[in-house]
Amino acid sequence: MKILITGANGMVARATAKFCRSIGDETVALTRDELDIADQLRVFELFEEEKFDAVINCAAYTDVDGSEKEEDKCFAANVAGVENLAHAAKKIGCRFATISTDYVFDGAKTDFYTQRDTPNPQGVYGQMKFLGENLAHRAYARTMIVRSGWIYGHGGTNFLSVMDKLLADGKPVKAIFDSYGTPTFANDLARRLRELVELDLPAIYHVTNSGLGTSYAGFAEKVCELRGYNKKLLKPAAADSLKRPAPRPKSSKLACLFSERFGLAPLPHWETALAEFLK
Ligand SMILES: NC(=O)c1ccc[n+]([C@@H]2O[C@H](COP(=O)([O-])OP(=O)(O)OC[C@H]3O[C@@H](n4cnc5c(N)ncnc54)[C@H](OP(=O)(O)O)[C@@H]3O)[C@@H](O)[C@H]2O)c1
């Protein structure tokens with residue numbers, strides 16, 4: 001399959017490109033410098049030239065707090081860019097998957113969010129991602145929207161790498177005890193993204209590692225256990241005490257109504273995935 005991966009310098013894009021190459025796909029992974037998805041003309045030209053079989057959009061403006069101030073940048077990547085890709089994919093009739101977020105939900109539900117739950121994003125980042133979902137679907141009915149959350153992976157900075165470095169240096173970590181999610185190893189998400197473009201069944205998917213999810217503190221405790229760090233470095237704190245500019249859902253655990261019904265095996269339990277990653 002000839003497959004385009006956008007945002008190639010990003011964490012999920014790197015894992016996805018690596019996986020696609022490992023299974024023999026003709027993988028075209030383009031960084032923002034090589035393809036700015038907000039540049040409609042360039043996107044259309046590229047798709048006409050390259051005639052991809054599938055596109056996995058991993059490009060996004062991902063600075064959740066920054067989005068509150070840089071609404072334009074967030075809109076360009078997370079709304080206009082996604083819509084551009086959907087139109088261009090439609091024009092050449094290729095498969096199209098784009099990644100969205102657990103932050104489309106408001107966090108008021110303590111149980112898992114499924115596709116039956118109506119999004120109600122609280123911050124600009126979540127609002128833009130939700131708008132991107134809607135416009136992509138309207139532009140191209142073949143769009144697969146893949147919501148995920150709490151993603152960690154190799155290289156770059158993410159919520160796990162920050163925590164891991166502090167703990168490795170013997171520094172305290174604020175262990176947020178009232179924020180819940182379903183952690184996701186980028187390599188597992190990458191494999192699932194590729195399975196979904198193979199399946200080519202347009203829908204919204206929720207893709208995370210399996211299990212009951214955890215709090216940020218629970219995740220941090222597991223990291224300590226697996227790495228042998230001193231749990232006393234974990235300092236319990238409430239999410240509100242961080243006073244972050246953007247509101248975040250208190251609980252954004254995701255579960256998928258479709259994946260297993262469509263014949264896809266559940267992704268590994270989040271603890272297994274974490275152990276695999278830390279190995
Ligand atoms: N990380 C998480 O916990 C998490 C949770 C839920 C959902 N997601 C979603 O998962 C997807 C992948 O996220 P990630 O964690 O891999 O993010 P990431 O590491 O920040 O990568 C995003 C990449 O997109 C690129 N980009 C930004 N604007 C672009 C544009 N206009 N055109 C082309 N590329 C552009 C960035 O380029 P620069 O390097 O030049 O900035 C960056 O390389 C995103 O859709 C994100 O919203 C992530």
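Comparing ALA168, HIS154, GLN127 along the charge dipole axis of segment 120-209, the residue lying farthest to the positive side is GLN127, per the Cβ-charge model. Checking every one of the GluC sites (Glu not before Pro) in segment 48-155 against DSSP loop status and a limit of 15 other Cβ atoms within 10 Å picks out GLU70. Just checking the listed ones, ARG142, ARG32, ARG248: in the Gaussian network model of the chain with Cα springs under 10 Å, the one fluctuating most is ARG32.
Estimated from helical segments only, the mean residue ellipticity of the chain at 222 nm is -11000 deg cm²/dmol, where each DSSP H run of four or more residues counts as -39500 (n - 2.57). The residue among PHE75, LEU35, ALA17 whose Cα reaches farthest toward the positive pole of the charge dipole of segment 17-88, with charges on the beta-carbon of Lys, Arg, Asp and Glu, is ALA17.
Structure remark: mean-square fluctuation, Gaussian network model of the chain, C-alpha springs under 10 Å; the largest value among ILE151, ILE37, ILE23 belongs to ILE23. Past 19 Å, Cα to Cα: identify those pairs from LYS51/LYS90; LYS171/LYS232; LYS69/LYS250; LYS171/LYS231; LYS174/LYS250; LYS91/LYS129, in the order given. Distance filter (> 19 Å) returns LYS69/LYS250; LYS91/LYS129. Here's how it looks for LEU234: its modeled amide H is under 5 Å from those of VAL173, which are all 5 or more places away or on a different chain.
Under the classification rounded if a/c is under 1.5, otherwise prolate if a/b is larger than b/c and oblate if not, where does segment 174-279 fall, given a ≥ b ≥ c as square roots of the Cα gyration tensor eigenvalues? Oblate is the answer for segment 174-279, as a/c is 1.5 or above yet b/c matches or exceeds a/b. With the alpha-carbon atoms of segment 85-146 aligned to their principal axes, the span from lowest to highest coordinate is 41, 21, 15 Å, starting with the largest. In the chain, the DSSP beta bridges split such that about 5 percent are antiparallel, to the nearest 5.
Using a cut-off of under 14 Å, list every residue of segment 31-55 whose amide N is near the label point 7 Å from the Cα of LYS91 along the Cα-to-beta-carbon line. In segment 31-55, the label zone of LYS91 (backbone N under 14 Å from the point 7 Å along Cα→Cβ) covers 37-52. Taking other C-beta atoms within 10 Å as the exposure proxy, ASP63, ASP240 rank ASP240, ASP63 from fewest upward.
Partner aspartates and glutamates whose Cα lies under 19 Å from the Cα of LYS243, excluding those fewer than 8 positions away in the same chain, are identified as ASP63, ASP65, GLU68, GLU70, ASP106, ASP178. For ASP200, no residue whose modelled amide H falls within less than 5 Å of its own remains once neighbours fewer than 5 places apart on the same chain are excluded. At q = 0.11, 0.12, 0.14 Å⁻¹, what is the log10 ratio I(q)/I(0) for the chain, with the Debye formula run over Cα points and no solvent? Each listed q corresponds, in turn, to -0.60, -0.72, -0.98. Positive-end ranking of PRO236, ALA246, HIS269 along the dipole of segment 228-269, with charges on Cβ about the Cα centre, is headed by PRO236.
Diffusion coefficient (Stokes-Einstein, Kirkwood radius over C-alpha pairs, 20 °C, 1.002 mPa s) for segment 57-168: 143 µm²/s, rounded to a whole number.
Volume per residue for segment 189-231 equals 90 cubic angstrom (convex hull of Cα atoms). When +1 charges are put on Lys and Arg Cβ atoms and -1 charges on Asp and Glu Cβ atoms, the dipole computed for the chain relative to its Cα centre reaches about 740 debye.
Read-outs throughout are calculated quantities, based only on the coordinates presented, and are distinct from any laboratory measurement. Since the structure is predicted, the reported quantities are computational estimates derived from the model, not experimental observations. With ideal geometry, Cβ positions are generated from the backbone for all residues, glycine too; neighbour counts draw on all protein chains shown.
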